Structure formats: C-alpha cells, structure tokens
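**Student:** There's a structure below that I have some questions on.
The values are calculated or read from the model by the stated rules, or taken from the named source; none is laboratory data. All of these numbers come straight from a predicted model, not from anything done at the bench. All Cβ positions, glycine included, derive from the backbone under ideal geometry; neighbour counts span all protein chains shown. The area values use the complete protein model at the heavy-atom level, side chains included, leaving out ligands, DNA and RNA. Shrake-Rupley method; radii C 1.70, N 1.55, O 1.52, S 1.80 Å.
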Amino acid sequence: MQSADMNLLLALDVLLREESVTVAGEKMGLSAPAMSRTLLRARKMMGDPILVRAGKRLVPTPKALELKGRIQSLAEEARSIVQSRQSVSVAEMERTFTIRTDESLAGLFATKLMERLNERAPRMKLRFLGRPDESVEPLREGSVDLDIASRSMSAPELKVQLLGRVRHVGAVRAGHILAQKKVTLAAFAAQKHVAAGRRGKPRGLIDFELEKLGMERTIAMWVPSFFPALAVAATSNLVASIPQYFASSATTLFGLHVFRIPLKLEPVTILQAWHPRLDSDPAHKLLRECVRLTYKDKE
C-alpha cells in the first residue's frame, strides 16, 4: 500500500471513531480544512458520503457503519506495522525518500547528501522532484517527504526548519569586461543579463533595487534554474546572478569569474519543510539532519 493510501486509511479510521472533522484533525496533526479535504478524498474513493451532517454533528452512513469494523482492524494492523518498523535500527532500514526542490539545488547537493546519508544508513535512497508549484498537498498526502524551498509553505501544520540565508553574487565568463576590473553599479547595470527562475518573472530583487536608484538593467534571456544560467554565462556575454553557494560550481565547473553585486540585496531564506506525521520518524530525522549539514557545508 502506498503511503498516501495508508494515511487515508488511518484518517478514515479516526474520522469514524470521532465523528468530527475538527477532533479527527487534531488527532492526526491536521487542520480542520486539511481534514475536510481528506474526508472528500475518502468519499470519492469509496463512492459514499461516509459521514453526513445531522444537526451540529456528523453521523456515519449505513455503508460506513458496515465497514467501520474492518477499517478499524486494518488501521490497527497498519499502525502495528509502522511501530514494528521503528524498532529496526536506522542503519538497517531500506527507505526511499522523495525530496522536492528546485533542480539547481538538487544538482548542487544531491551527491554530498547521498554520501552523508549512506554513511549512517547505507540502504537509504533519494528521489528528487522539481517544484512545478507551491502546493503543500504532496507533503500532506505523503507523495513528498521533504520540501526544500526559498519561501515558507502556506500551511500552518507543517514543520519548518531554517537552513540558512544566502546572498546573490554575479558570474561572468573569464574574458568578460566585468571580469577585468572592479565592478561598479553603472557597469553592472549596463550589461545584458540572464535571469534564472522557474516562474520566468520579468523582474526580481535586483531590478527592484535598481529602480530605487533610478536605474534599470536589460534581461536578454530567462532560464528555469541557476545551472542553465551558469552555462549561458559561460558561453556568452550575459551576466548571471546566482546564490553564493553556487560560486564554487561557477568557477570549478564553468570557469566563471564571480564578483560581488554592487547593491544592497536582502539575503534569500532557504527552508526545509515536512509534515508532522514524520517529525519523530528516526529515518526522517536522519534525513533532515543530513540536509542541514550538507547545506551548511555549502555556505
């Protein structure tokens, strides 16, 4: 059974026991709206309303009453399986964690994270997914175990840990005019730039700061992440603006010259977020600690 299906089974068991979305949500570590969405998923899966309004309370349908005992037995069996797995040492566990993050971060941290994780848990595996949107549902449903992002998730029940704050630097090819002298604001703004970002927004932090000073720059190209931006900078006269932790890759992999951007830019916050049901899981704890240490190494 997939983790998302098991979570739905456990939630359905609690809903039928409590006959209250609010109380069931509290027991599952979910908000009332999140528990309502879980109930909606269960209704669709079973083709039955399951719980219906009767005055100020919810009551089970005949089908729900018929299945309640079986659901309770299955849920208890699922919980016993989870508890027995926790008795196994982390070093012996065989798990595949799904991490959602921007592809540039995955490319930068994946190898070191895998090495650090396998030092203590050699059977652990990692699956990286991109971040097509800001939805928190993959974390809630269990299809994603950890989310690494540059902004907070819009869900109050999620657990969040600060990994660090990073400033941006500029990167140009070795023969670029900005690589041959001290970079002034006027010289920086006068060049054509490549902007990195999944959303392809026409303006960003640099543009807003330049606007405050009555200046602007020309963005000649947009790419979805920082690694393509580095490749573009290495093969053209375009200027890339990248997080500081990419500086080493910029120089060693692409032969770029890295410089300080002559603007007062606010640092970008990097966070990791996970669902409360995984908070005390020993294998997930190890994963989060390895992510934290790997990110710290890159600062």
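**Student:** Which of Gly204, Gly214, Gly170 moves most in a GNM of the chain, Cα contacts under 10 Å?
**Tutor:** Gly214
**Student:** Shifting gears a bit: How would Arg198, Arg53 rank on accessible area, largest to smallest, probe 1.4 Å? Show your work: numbers first, answer last.
**Tutor:** On the way: Arg198 90, Arg53 160 Å².
Accessible-area ranking of Arg198, Arg53, largest first: Arg53, Arg198.
**Student:** Using the Cα gyration tensor of the stretch 1-57, with a ≥ b ≥ c the square roots of its eigenvalues, what is the shape: rounded (a/c below 1.5), prolate (a/b larger than b/c) or oblate (neither)? Write out the running numbers ahead of the final one.
**Tutor:** Numbers: a/c = 1.92, a/b = 1.25, b/c = 1.54.
It is oblate, given that a/c is not under 1.5 and a/b is not larger than b/c.
**Student:** Here's something else I'd like to know. Between Glu92 and Lys159, how high is the FRET efficiency from 1/(1 + (r/R0)^6) when r is the Cβ-Cβ distance and R₀ = 30 Å? Nearest 0.05. Working shown, then result.
**Tutor:** Working: r = 26 Å, r/R0 = 0.85.
Between Glu92 and Lys159 the formula returns 0.70.
**Student:** Same structure, new question: Using unit Cβ charges (K, R positive; D, E negative) and no other charged atoms, how large, in debye to the nearest 20, is the dipole of the stretch 93-173 about its Cα centre? Please report the intermediate quantities before stating the final value.
**Tutor:** Values: 15 positive and 12 negative charges, 85 e Å.
Using only the charged Cβ atoms, the result is roughly 400 debye.
**Student:** Right, something else. Could you state, as a whole-number percent, how many of the C-alpha pairs of the chain are farther apart than 25 Å? Before the final figure, lay out each step's value.
**Tutor:** Values: 25936 of 44551 pairs.
Taking all Cα-Cα pairs of the chain, the fraction more than 25 Å apart is 58 percent.
**Student:** Working out 0.36 nm times the residue gap between Asp133 and Arg70, then minus their Cα-Cα distance, what length gain in nm do you get to one decimal? Each step should come with its number before you reach the end.
**Tutor:** Working: separation 63, 0.36 × 63 = 22.68 nm, distance 3.75 nm.
Difference between extended and current length: 18.9 nm.
**Student:** Could I ask something else about it? Solvent-accessible area of Ser89, probe 1.4 Å, all protein chains present, reported in Å² to the nearest ten, please.
**Tutor:** The accessible area comes out at roughly 50 Å².
**Student:** Report the one residue of Leu162, Leu185, Pro282 whose Cα lies farthest in the direction of the positive end of the charge dipole of the chain (charges on C-beta: Lys and Arg +1, Asp and Glu -1; origin at the Cα centre).
**Tutor:** Highest projection toward the positive end goes to Leu185.
**Student:** Which whole-Hz couplings ³J(HN,Hα) result when phi for each residue of the stretch 11-16 is put into the Karplus expression 6.51 cos²θ - 1.76 cosθ + 1.60, θ = phi - 60°, listed in order with x for Gly and Pro?
**Tutor:** 5, 5, 4, 5, 4, 6
**Student:** Figure the gain on full extension for Arg151 and Arg53 (residue separation times 0.36 nm, minus the Cα-Cα span) and round it to one decimal in nm. Can you show the working numbers first?
**Tutor:** On the way: separation 98, 0.36 × 98 = 35.28 nm, distance 3.81 nm.
So the chain would gain 31.5 nm between Arg151 and Arg53.
**Student:** To the nearest 500 deg cm²/dmol, what mean residue ellipticity at 222 nm is calculated for the chain from DSSP H runs of n ≥ 4 alone, each contributing -39,500 (n - 2.57), summed and divided by the residues? If you can, show how the numbers build up before the last one.
**Tutor:** On the way: 11 runs with 133 residues, N = 299.
Rounded to the nearest 500, it is -14000 deg cm²/dmol.
**Student:** So how do 162-168, 23-29 stack up, highest first, on mean other-Cβ count within 10 Å? Let's see the in-between values first.
**Tutor:** Values: 162-168: 16.3, 23-29: 18.3.
Ranking, from highest mean packing down: 23-29, 162-168.
**Student:** Using a 1.4 Å probe, how large is the accessible area of Thr22, given in Å² and rounded to the nearest 10?
**Tutor:** Ignoring ligands and nucleic acids, Thr22 comes out at about 80 Å².
**Student:** While we're on this one: With the cut-off at 1.5 for a/c, could you classify the stretch 161-259 from its C-alpha gyration tensor as rounded, prolate or oblate? Write down the numbers at each step before the final one.
**Tutor:** Working: a/c = 1.34, a/b = 1.03, b/c = 1.31.
It comes out rounded by the Cα gyration axes.
**Student:** Okay, next question. Of Lys201, Lys285, Lys112, which is the most mobile in a GNM of the chain whose springs link Cα atoms less than 10 angstrom apart?
**Tutor:** Its mean-square fluctuation being the largest, the pick is Lys201.
**Student:** Next up: Work out, step by step, the length gained on full extension between Asp279 and Lys182: first 0.36 nm times the residue separation, then minus their alpha carbon distance; give nm to one decimal.
**Tutor:** Numbers: separation 97, 0.36 × 97 = 34.92 nm, distance 4.80 nm.
Between Asp279 and Lys182, full extension yields an extra 30.1 nm.
**Student:** Now for a different question. Of the cross-linked pairs Lys44/Lys285; Lys159/Lys201; Lys181/Lys264; Lys182/Lys264; Lys112/Lys201, which ones have a Cα-Cα span greater than 24 Å in the structure shown?
**Tutor:** In this structure, Lys44/Lys285; Lys159/Lys201; Lys112/Lys201 lie more than 24 Å apart at Cα.
**Student:** How big is the dipole moment of the chain about its Cα centre under a simple scheme where the beta carbon of each Lys and Arg is +1, that of each Asp and Glu is -1, and everything else is neutral? Debye, nearest 20, please.
**Tutor:** Working: 46 positive and 32 negative charges, 113 e Å.
That gives a dipole near 540 debye.
**Student:** For Ile261, enumerate residues with amide H under 5 Å from its amide H, sequence gap 5+ or separate chain, H modeled in the peptide plane.
**Tutor:** When sequence neighbours closer than 5 places are left aside, the close amide H contacts are Gly170.
**Student:** Can you list the HN-Hα couplings for the stretch 34-39, worked out from phi with the Karplus curve (6.51, -1.76, 1.60; θ = phi - 60°), rounded to whole Hz and with x for Gly and Pro?
**Tutor:** Coupling constants for the stretch 34-39: 5, 5, 5, 5, 5, 4 Hz.
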